[in-house]
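Below is one structure, written out as structure tokens, with a few remarks after it.
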């Protein structure tokens, strides 16, 4: 059967296409709501933007298929093969994906609110930015999966495997992660407020800047390998919105002396600071959305892009420009100093601005006009 024959029969009212062979067929944008594709072969098929709402897709083969932007709300995909499938921005709210193989699938920014994913295979899957509110992922395998910026509030994750998964900035507020494995997982800046983490394994996990207000950590194995102790434990767990790491209070003092030249711009002679130090690598005018240099001939706009990149990194580290104590500016041409400085000054108050060095260099990476790095203390 080919795509044209299928669509013709569907238009005539036929809905049963069990065990059909439609591999590599083009069904892009097709309305196939409530269709029965159980046990069918749709591997490598193009179903992007197709409507499969409430479809029966039990044990269907959709490996390597393109389902980006597809509507699969309420569909039954239990036991289906979606290995390497593209489900980017697809809608799978309330879909049944129990025992489904989604290994290495692309679910970037897909919506799976209240979906059933128990015992699903999501090894190496891309779930970054995905909505999984109220979803059931009990006993699912998410080893090495990317869940950065994903929303899993109120989800069920009992006994799930998150080994080495990336959960940076993920929100798991009020989720149930009881007995799950988070060994070696990246939980930087994750929101675990109100989460049930009883008996979870957090061995070697990175929990920097994560929050655990009202979380239940009873019997949990902490990153240092020790079992959580609710009384007298000094790592900041429990009823707190502060990061889990033991914090060092930050102090900052501006130094100005008449025995040295006065600052002539948005910087100070020196800053005395103590606390946790953040060393931000030199940033150039690469737009992360494009992955390439922007404004190749405009130093002011390049500086704006550089400052935005620095701000994004500082924010990810839990800091702001107010925490910066030292910057280094590298210019291809010192004649561009005034234009660079005008943009730079927008980000710092002269009275509290960090110490700064500015030099002209023979050449910069990708032949950009300006590069800036910084040191912050929090």
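Here are the numbers for the structure shown:
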{"item": "Qualifying residue in region 253-273 (condition: free of Cβ contacts under 8 Å to residues at least 40 places away in the same chain, assigned to a helix (DSSP H, G or I) and farther than 18 Å from residue 374 by Cβ)", "result": "no"}
{"item": "Of residues in region 285-307 being out of contact with any strand residue (DSSP E or B) (no Cβ under 9 Å at 6 or more places or on another chain) and exposed (fewer than 15 other Cβ atoms within 10 Å of the Cβ), the one nearest to residue 378 (Cα to Cα)", "result": "288"}
{"item": "Matching option when the condition is in contact with a helix residue (DSSP H, G or I) (Cβ under 7 Å, 6 or more places away or on another chain), assigned by TED's automatic domain parsing to the domain that holds residue 264 and farther than 30 Å from residue 210 by Cβ, among 340, 307", "result": "340"}
{"item": "Count of residues meeting criterion [surrounded by fewer than 21 Cβ atoms within 10 Å (Cβ to Cβ) and within 15 Å of residue 136 (Cβ to Cβ)] in region 162-175", "result": "1"}
{"item": "All positions within region 86-106 that are farther than 16 Å from residue 141 by Cα, part of a loop (DSSP other than H, G, I, E, B) and in contact with a strand residue (DSSP E or B) (Cβ under 7 Å, 6 or more places away or on another chain)", "result": "87, 88, 92, 93"}
{"item": "Search result, residues across region 11-48 that are surrounded by fewer than 16 Cβ atoms within 10 Å (Cβ to Cβ) and in a strand (DSSP E or B)", "result": "16, 21, 26, 31"}
{"item": "Hey, residue 204 modelled with pLDDT of 95 or more, outside the structural domain of residue 317 (by TED's automatic domain parsing) and surrounded by fewer than 24 Cβ atoms within 10 Å (Cβ to Cβ) or not", "result": "no"}
{"item": "Output for region 139-163, where each listed residue is assigned to a loop (DSSP other than H, G, I, E, B) and within 14 Å of the chain's Cα centre (by Cα)", "result": "144, 145, 147, 148, 149, 150, 152"}
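The rows are residues; the columns are (1) touching a strand residue (DSSP E or B) at 6+ places or on another chain (Cβ under 9 Å); (2) closer than 20 Å to residue 314 by Cα; (3) modelled with pLDDT of 70 or more; (4) crowded, with 16+ Cβ neighbours inside 10 Å.
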| residue | (1), (2), (3), (4) |
| --- | --- |
| 210 | yes, yes, yes, yes |
| 214 | no, no, yes, no |
| 224 | no, no, yes, no |
| 237 | no, no, no, yes |
| 241 | yes, yes, no, no |
| 244 | yes, yes, no, yes |
| 249 | yes, yes, no, no |
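The values are calculated or read from the model by the stated rules, or taken from the named source; none is laboratory data. These numbers were taken from a predicted model, which means no experiment stands behind them. Heads up, the Cβs are rebuilt from the backbone with ideal geometry, glycines too, and the neighbour counts pull from every protein chain shown.
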